[in-house]
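Trainee: Structure incoming, see below.
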Amino acid sequence: MNPLVKACHNCKVYINLDASYEGQKLEKAFDSKHRGHMVQVVQFAEIKDKYKLYEP
Ligand SMILES: [Zn+2]
(Lines give C-alpha, C1' and ligand atoms only; values in the text may rest on other atoms or scores of the structure.)
Protein backbone atom coordinates (compact mmCIF):
# COMPACT_ATOMS: atom_id res chain seq x y z
CA MET A 1 0.00 0.00 0.00
CA ASN A 2 1.32 3.41 -0.98
CA PRO A 3 -1.00 6.19 0.20
CA LEU A 4 -0.74 9.82 -0.83
CA VAL A 5 0.36 12.31 1.80
CA LYS A 6 0.76 16.09 1.82
CA ALA A 7 4.35 17.11 2.47
CA CYS A 8 6.19 20.38 3.06
CA HIS A 9 9.58 20.16 1.38
CA ASN A 10 10.88 23.16 3.30
CA CYS A 11 10.11 21.78 6.77
CA LYS A 12 10.39 18.04 5.97
CA VAL A 13 7.05 17.19 7.55
CA TYR A 14 3.92 15.52 6.18
CA ILE A 15 0.31 14.74 7.03
CA ASN A 16 -1.82 11.81 6.00
CA LEU A 17 -4.68 12.81 3.71
CA ASP A 18 -7.99 12.01 5.31
CA ALA A 19 -11.49 13.03 4.23
CA SER A 20 -12.86 13.04 7.78
CA TYR A 21 -13.76 16.29 9.55
CA GLU A 22 -10.67 16.02 11.76
CA GLY A 23 -8.53 15.28 8.75
CA GLN A 24 -9.84 18.34 6.91
CA LYS A 25 -9.18 20.55 9.93
CA LEU A 26 -5.64 19.23 10.20
CA GLU A 27 -5.05 19.82 6.50
CA LYS A 28 -6.27 23.43 6.78
CA ALA A 29 -3.96 24.02 9.74
CA PHE A 30 -1.07 22.44 7.84
CA ASP A 31 -1.77 24.60 4.76
CA SER A 32 -1.90 27.80 6.78
CA LYS A 33 1.26 26.96 8.75
CA HIS A 34 3.19 26.11 5.58
CA ARG A 35 1.79 28.86 3.35
CA GLY A 36 4.47 30.01 0.91
CA HIS A 37 6.42 26.77 1.36
CA MET A 38 6.85 24.01 -1.19
CA VAL A 39 3.81 21.95 -0.22
CA GLN A 40 2.98 19.01 -2.48
CA VAL A 41 0.93 15.83 -2.47
CA VAL A 42 3.33 12.92 -2.91
CA GLN A 43 3.43 9.17 -2.45
CA PHE A 44 4.29 8.20 1.09
CA ALA A 45 7.09 5.93 -0.17
CA GLU A 46 8.93 8.97 -1.58
CA ILE A 47 9.30 10.72 1.77
CA LYS A 48 8.84 8.11 4.50
CA ASP A 49 12.49 7.83 5.52
CA LYS A 50 13.20 11.56 5.35
CA TYR A 51 10.14 13.43 6.61
CA LYS A 52 8.45 13.46 10.00
CA LEU A 53 4.72 13.31 10.71
CA TYR A 54 3.44 16.84 11.37
CA GLU A 55 2.12 17.38 14.89
CA PRO A 56 -0.06 20.45 15.39
ZN1 LIG B 1 6.80 24.22 5.81
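The values are calculated or read from the model by the stated rules, or taken from the named source; none is laboratory data. Every value quoted in this text rests on a predicted model; they were computed, and no experiment measured them. Using ideal geometry, Cβ is built from the backbone for each residue, glycine included, and neighbour counts are taken over all protein chains shown.
Trainee: Restricted to region 33-55, and to residues that are surrounded by fewer than 12 Cβ atoms within 10 Å (Cβ to Cβ) and hydrophobic (A, V, I, L, M, F, W, C), which residue is nearest to the ligand (Cβ to nearest atom)?
Mentor: So the residue we want is M38.
Trainee: Out of all the residues in region 5-18, is one or more at pLDDT 95 or above, aromatic (F, W, Y), away from the ligand (no atom under 12 Å from the Cβ) and surrounded by 10 or more Cβ atoms within 10 Å (Cβ to Cβ)?
Mentor: The answer is no; no qualifying residue exists.
Trainee: Quick one: K48 ticks every box in (1) touching a Phe, Trp or Tyr at 6+ places or on another chain (Cβ under 9 Å); (2) of a type in the set (K, R); (3) at pLDDT 95 or above bar one, so which box is it?
Mentor: For K48, the failing item is (3).
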